[in-house]
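Structure, as structure tokens:
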Amino acid sequence: MVLDLSVAKVVWTRTLGRFWSGAYYAPTSPLRLVDISDPPLPSSDWVRVRNRLCGICGSDLHQLFVDAGLDVAPVALPSHQRTYLGHEMVGDVVEVGGAVTDHRLGDRVVRWGRADDCLARGRSELCPACARGHRVLCQVASEPRNDHPVGGGFGDTFITPASSLVPVPDGLPDELAIFTEPLAVATHAAWRCPPKEEDQVLVLGCGTIGYLLIQVLRLLQPSCEITAVAQFSWQAELARALGAERVLLVGQYGHSEVAQITGASLHQGRVGNQMLLGGFDLIYDVVGIEVTLNNALRWTRAGGTVVLVGVNLHRMKLDVTPVWYQEVDLIGAVGHDVVTWEGEEFSNFELAMRWMETGQIRCEELLTHRYPLDAYRQAFATAVDKHKYRSIKVAFDLVR
């Protein structure tokens, strides 16, 4: 499955999509399900992987529905005309280059990321981000290169540098292995500002990352108090089961409810303007849209922190006065890095797999739907319409 991107296709599809949902699958759209010949490995440090199972990520949906402004910072970077969808995959190594020592034929692996970082490019001198293990922030990721990965998780096979893959333990089934990358993202987000004892924490958003983040926060600080915000009552039930003390439903909470929970004082200004003195110690915004981020900044106590986790590729109108008036820290979180846990150093991927294998993080309830690749229209519809399908993680089953 590919996206063949061009300005004309993007503009036409977005315009037509306002009136017809089928525009995103029409011949004029960027989306294609195509048959291509398996390319040879371009270098001795590359491998070929046959996919077994691949989850649909929110970023896949953003790309599919061309949901991005053309004036946001990431869009200014060079990009490939063809994008291969699917990165939350687990698969088998079916071919290895002669220089590969970390992977053997038959190994199950998950995909680390985009394979554009220093290690994937074979650079001996690493940029500062790659040197500290945060390869998503690689400073050379947008520089030209001779060979590019071909294929993604939404397909039968792909080729990639071996350094972009992580081996899967034998005791971790495919149905859990596909959560390695989203759990690594949640772990990195939690480590951006770990909760302290007795902190009042708010998690805005109960999707896959939100559920995983709640569990990671509970592992990091068992005594913190976690409140979550969910869209539907069934989401709220699962959030409580996974460690949230309290769950608020969208449309049934606001400044006054936050004041009651946190003991903050609520002040009313003109034309409905409201402000809290006090609030949550720490808020993770896993949604990342204009309304949630504006609320998060106003619902955080003076000196508290907002961690922006959710991806929104559009400019937003924000009231950032709490950043200076209340010294609220606003920090971002993207990707995964290396952390220290119980005295040992782990990549977020390694730690995620250990936590799942030992049962410290529960993911069994999160995989709600599986589809063959040729049913991709229904799979994407299921992933989008959570009210109708009660979907959390939707995956493509690629084993034939």
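Of all residues in the stretch 344-400, those being farther than 17 Å from Ala186 by Cα, assigned to a helix (DSSP H, G or I) and polar (S, T, N, Q) number 2. Selection over the stretch 10-28 of residues that are more than 25 Å from the chain's Cα centre (by Cα) and in contact (Cβ under 8 Å) with a residue 40 or more places away in the chain gives a count of 0. Restricting the search to the stretch 366-390, which residues are surrounded by 15 or more Cβ atoms within 10 Å (Cβ to Cβ) and farther than 16 Å from Phe65 by Cβ? Those that are surrounded by 15 or more Cβ atoms within 10 Å (Cβ to Cβ) and farther than 16 Å from Phe65 by Cβ: Leu366, Leu367, Thr368, His369, Arg370, Tyr371, Leu373, Tyr389. Is it the case that the stretch 223-236 has a residue that's in contact with a Ser or Thr (Cβ under 6 Å, 6 or more places away or on another chain) and in a helix (DSSP H, G or I)? The answer is no; no qualifying residue exists. The condition of being more than 18 Å from the chain's Cα centre (by Cα), within 30 Å of Ala115 (Cα to Cα), of a type outside the set (Asp, Glu) and not assigned by TED's automatic domain parsing to the domain that holds Ile56 holds for only one of Pro167, Pro173, Pro194, that being Pro194.
Residue check: is Gly17 surrounded by 15 or more Cβ atoms within 10 Å (Cβ to Cβ), touching a Lys or Arg at 6+ places or on another chain (Cβ under 7 Å) and assigned by TED's automatic domain parsing to the domain that holds His369? It is false that Gly17 is surrounded by 15 or more Cβ atoms within 10 Å (Cβ to Cβ), touching a Lys or Arg at 6+ places or on another chain (Cβ under 7 Å) and assigned by TED's automatic domain parsing to the domain that holds His369. Here the condition is being of a type in the set (A, V, I, L, M, F, W, C), farther than 18 Å from Leu41 by Cα and in contact with a Ser or Thr (Cβ under 9 Å, 6 or more places away or on another chain); of Val90, Val94, Val150, Val100, it holds for Val90 alone. Contact annotation: residue pairs with Cβ atoms under 9 Å, 6 or more positions apart or on different chains, pairing a residue in the stretch 270-283 that is in the same structural domain as Glu257 (by TED's automatic domain parsing) and on the phi < 0 side of the Ramachandran plot with a partner that is part of a loop (DSSP other than H, G, I, E, B) and surrounded by fewer than 12 Cβ atoms within 10 Å (Cβ to Cβ), are Met275/Gly269; Asp281/Glu198. May I ask you to list the residues in the stretch 65-118 that are in a loop (DSSP other than H, G, I, E, B), surrounded by 18 or more Cβ atoms within 10 Å (Cβ to Cβ) and among the aliphatic types (A, V, I, L, M)? Val66, Leu85, Val100, Ala115, listed by residue number.
Looking for something in contact (Cβ under 8 Å) with a residue 60 or more places away in the chain, charged (D, E, K, R) and in the same structural domain as Phe158 (by TED's automatic domain parsing) - is there at least one such residue anywhere in the stretch 68-75? Taking every residue of the stretch 68-75 in turn, at least one turns out to be in contact (Cβ under 8 Å) with a residue 60 or more places away in the chain, charged (D, E, K, R) and in the same structural domain as Phe158 (by TED's automatic domain parsing).
For Ser256, the criteria (1) of a type in the set (Ser, Thr, Tyr); (2) under 28 Å from Val75 (Cα atoms); (3) assigned to a helix (DSSP H, G or I) hold in every case but one, which is (2).
Within the stretch 265-299, restricting attention to residues that are among the charged types (D, E, K, R) and part of a strand (DSSP E or B), the residue that is farthest from the chain's Cα centre (by Cα) is Asp281.
If only residues of the stretch 119-142 that are closer than 19 Å to Glu345 by Cβ and within 20 Å of the chain's Cα centre (by Cα) are counted, the one that is surrounded by the most Cβ atoms within 10 Å (Cβ to Cβ) is Arg135. If you go through the stretch 1-34 and keep only what is under 22 Å from Cys54 (Cα atoms) and of a type in the set (D, E, K, R), you end up with Asp4, Arg32. Within the span defined as the stretch 323-335, one or more residues are surrounded by fewer than 17 Cβ atoms within 10 Å (Cβ to Cβ), β-branched (Val, Ile, Thr) and touching a residue at least 60 places away in the same chain (Cβ under 8 Å). Within the stretch 79-94, being under 18 Å from Ser59 (Cα atoms) and of a type outside the set (A, V, I, L, M, F, W, C) holds for Ser79, His80, Gln81, Arg82, Thr83, Tyr84, Gly86, His87, Glu88.
The values are calculated or read from the model by the stated rules, or taken from the named source; none is laboratory data. These numbers come from a predicted model, not from an experiment. Backbone-built Cβ (ideal geometry, glycine too); neighbour counts: all protein chains shown.
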